[in-house]
1. Take the Cα pairs of segment 1-156, get the Kirkwood Rh, then feed it into Stokes-Einstein at 20 °C and 1.002 mPa s and tell me D in µm²/s.
2. Below 8 Å, C-alpha to C-alpha, sequence gap of six or more: please give me the relative contact order for segment 30-75 in percent.
3. Please go through the residue pairs K34/K175; K22/K271; K223/K271 and name each one whose alpha carbons sit more than 31 Å apart in this structure.
4. How large is the accessible surface of D94 in square angstrom, using a 1.4 angstrom probe and rounding to the nearest 10?
5. Put H197, H119 in order of accessible area, largest first, 1.4 Å probe: what do you get?
6. Label segment 86-209 by shape, choosing from rounded, prolate and oblate, from the square roots a ≥ b ≥ c of the eigenvalues of the Cα gyration tensor; if a/c is under 1.5 it is rounded, and otherwise prolate applies when a/b is larger than b/c, oblate when it is not.
7. Once ligands and nucleic acids are excluded and a 1.4 Å probe is used, how much of D220 is accessible, expressed in Å² to the nearest 10?
8. Could you give the semi-axes, largest first, of the ellipsoid that matches segment 12-74, computed as the square roots of 5 times the alpha carbon gyration tensor eigenvalues and rounded to whole Å?
Amino acid sequence: MGSEVRVVGRASVGRKTVRGAKVLVTGAASGIGKATAIAAAAQGGELVLTDINAEGLAATVEEIRAAGGTVLDSQAFDITDYDAVAAFAADVHDRHGSMDVVMNIAGASAWGTVENLEHRHWRRMVDINLMGPIHVIESFVPAMVRAGRGGALVNVSSAAGLLALPWHAAYSAGKFGLRGVSEVLRFDLERHGISVHLVAPGAVNTPLVQNFELVGVDKDDPKVRRLTKAFTKHAVPPERVAAAILRGVERNRFIVYSSFDIRFGYWWARKFAFPYEFVIRRASAQFSTLPVSTGS
């Protein structure tokens, strides 16, 4: 199986496509992962899919194949389990060879103030949003390097990986960490012709944005419901993020945005530090007026 993904160093980086490429997508059962898998298959990618949700993953595989797309392999497991990720990678490499594109999309979200967050919340956010992608990177990217064909690594972070959003400390621990990993690998992998792309979506209309965990807060409280409604009103469809990801790979963009507000916010935060800090403090003050409980 040939691959059209060819990147051979900074001087000769060109446009890339997933057509004919072997593409790994995590989190493929729903949301951004599912939308990206479907979009990549529609463009001719040969997919390897995984998610913790076996039923949802099977539905994605069925939908792609029914539309004439190619799924080389799929398996349901938890990416926080390093042994499971490594075993899957070994099996995939034995049967299909190395990947051309690796997409870390699986993630989870929990918000809360430091006095309400418990150790399990911090641990879960870091395990899923940082260690999970690291397990995938260490299990799949070295084989890409050895294959010498170049390729692409996509890590889905968040606006919370770029900006200090209120109540996002635990979530940002993983997402800022993934941003740091991506910034280093962007340069480390360049000599191997592997481009790195950091996706920073804001609100996306997925099960994650509907079912995120809000620790220590009554989500049915009218004030909280108004805030949640305002947040979700700006949510973009996952298909829009999927299109941005594939376009970002094609055009070799490091930070991939799915909405203008996050692009502008990050630019503003870097160019105007004082106003940025003022706005973030005001936002934090507003969040502090929400009703909280001391129980878990």
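The values are calculated or read from the model by the stated rules, or taken from the named source; none is laboratory data. Keep in mind the model is a prediction, meaning the values are calculated, not measured. In case anyone asks, the SASA skips ligands and DNA or RNA and just uses the protein heavy atoms, side chains included. Shrake-Rupley method; radii C 1.70, N 1.55, O 1.52, S 1.80 Å.
1. Estimated via Stokes-Einstein, D reaches 134 µm²/s.
2. Once divided by the residue count of segment 30-75, the mean separation gives 44 percent.
3. Going by Cα-Cα distance, K22/K271; K223/K271 fall outside the 31 Å limit.
4. Approximately 130 Å² for this residue.
5. Reading off the accessible areas and sorting them downward yields H119, H197.
6. prolate
7. 110 Å²
8. Rounded to whole Å, the semi-axes are 21, 12, 9.
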